[in-house]
């Protein structure tokens with residue numbers, strides 16, 4: 001095992017050769033090379049990225065996507081900010097800050113290109129009375145009460161899910177925030193075998209032929225719809241079998257993400273745990289599913305008859321709390337798998353052919369290159385890695401690929 005701790009100065013020449021990054025903003029990160037028989041990508045965090053407008057501050061950021069042009073999209077929750085964060089909005093502060101829109105697009109330099117979001121962009125209208133878990137909604141508003149999950153497809157259309165009260169919907173918009181269509185309807189859910197209704201979807205992946213949804217905060221399954229008309233195609237649970245893990249009782253709240261009410265992680269469970277957190281298409285017709293509360297990925301392959309289960313990939317066995325497997329991304333050449341580990345505050349680097357651990361970077365903490373409630377991970381065409389954080393983390397980070405550790 002080799003521990004790597006390299007400085008931004010040492011990386012400057014390599015970083016500048018491939019992507020825009022200032023040597024002054026590159027900061028060393030903590031990384032460990034576990035399997036030294038395999039080269040491992042190395043990174044420095046760009047502490048100057050992104051460059052938010054001076055009047056904005058990020059909320060919890062549960063969604064992340066890199067588009068075909070290497071722009072970076074972030075889904076954030078303005079409703080997660082309070083009056084101390086957004087004093088300018090409330091008039092309580094003569095300085096900063098304002099809440100951001102839900103959807104933000106940045107270029108490689110970290111400049112904000114476009115931003116949008118909110119109830120005016122989706123069909124329907126609702127009135128909410130009360131606060132917190134006692135809030136009552138009346139109406140048919142389709143914008144999620146609590147956004148969760150973001151995907152940007154090759155046509156530059158944006159897909160958004162929600163895991164708040166009644167958020168049983170996936171919405172589809174143009175890059176400028178014009179509503180296109182949706183899967184499911186808010187306030188309507190009917191369990192794991194439903195072919196039309198969702199149950200607090202966590203993640204989305206669209207490949208031009210079909211839409212995959214990790215339907216995973218109330219339900220415990222993956223469901224697939226046709227690309228052209230969103231007709232139902234297929235659904236499955238753990239090991240490609242019918243989803244038989246039941247559904248969550250009542251409305252999900254954040255405290256349940258770290259509870260032990262499920263008895264703890266069970267990487268050998270025949271059912272998905274109570275948060276099916278991501279679905280991602282990988283190389284060679286594979287599909288990766290984050291069974292976060294069971295500390296594992298499940299890997300499938302699409303076939304003419306549906307899906308074939310390939311492998312359990314256990315991530316940090318024995319992890320408790322918020323558990324480990326939160327999101328998955330791939331290096332541009334498909335050699336490496338990056339797994340966001342929420343509880344341990346690190347990004348695991350696996351060799352895709354074997355899913356053996358090559359190493360990891362990051363740790364729990366609030367400084368650049370560290371994580372609090374690490375949520376999402378994605379990779380651009382240069383091999384740079386991006387992450388977002390929720391709860392009190394509330395940020396997006398950019399890790400510049402700087403070479404390979406032999």
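The values are calculated or read from the model by the stated rules, or taken from the named source; none is laboratory data. Quantities reported herein were computed from a predicted structural model and do not represent experimental measurements. Every residue, glycine as well, gets a Cβ built from its backbone with ideal geometry; the counts of neighbours run over all protein chains shown.
Odds and ends about this structure:
Residue by residue, here is whether (1) surrounded by 16 or more Cβ atoms within 10 Å (Cβ to Cβ); (2) in contact with a strand residue (DSSP E or B) (Cβ under 8 Å, 6 or more places away or on another chain); (3) at pLDDT below 95 holds:
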site: 70; (1), (2), (3): no, no, no
site: 73; (1), (2), (3): yes, yes, no
site: 93; (1), (2), (3): no, no, yes
site: 122; (1), (2), (3): yes, yes, no
site: 126; (1), (2), (3): yes, yes, yes
site: 139; (1), (2), (3): no, yes, yes
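- Scanning the stretch 362-391 for residues that are more than 23 Å from residue 57 (Cβ to Cβ) and surrounded by fewer than 24 Cβ atoms within 10 Å (Cβ to Cβ) gives 363, 379, 380, 381, 382, 383.
- Qualifying residue in the stretch 7-23 (condition: modelled with pLDDT under 95, over 27 Å from residue 114 (Cβ atoms) and not in a helix (DSSP H, G or I)): yes
- Residue 190, sole failed condition from (1) surrounded by 18 or more Cβ atoms within 10 Å (Cβ to Cβ); (2) at negative phi; (3) in a loop (DSSP other than H, G, I, E, B); (4) modelled with pLDDT of 95 or more: (1)
- Filtered residue count, the stretch 105-120, keeping only those that are surrounded by 13 or more Cβ atoms within 10 Å (Cβ to Cβ) and not in a strand (DSSP E or B): 6
- Single residue of 190, 178, 209, 195 found to be within 18 Å of residue 240 (Cβ to Cβ) and over 17 Å from the mean Cα position of the chain (by Cα): 195
- Unique match (being in a loop (DSSP other than H, G, I, E, B) and over 27 Å from residue 354 (Cα atoms)) among 263, 318: 263
- Set side by side, the residues 274, 291 differ, and just one is at pLDDT below 95, within 17 Å of the chain's Cα centre (by Cα) and surrounded by 21 or more Cβ atoms within 10 Å (Cβ to Cβ), which is 274.
- Selected residue (only one of 257, 265 is crowded, with 18+ Cβ neighbours inside 10 Å and at pLDDT below 95): 257
- Strands (runs of 3 or more DSSP E) fully within the stretch 325-375 that include at least 3 residues being under 14 Å from the mean Cα position of the chain (by Cα): 325-330, 336-341.
- The test for being surrounded by 24 or more Cβ atoms within 10 Å (Cβ to Cβ) and either more than 23 Å from residue 307 (Cβ to Cβ) or at pLDDT 95 or above (or both) does not hold for residue 196.
- Single match in 394, 398, 352 (criterion: crowded, with 24+ Cβ neighbours inside 10 Å and modelled with pLDDT of 95 or more): 398
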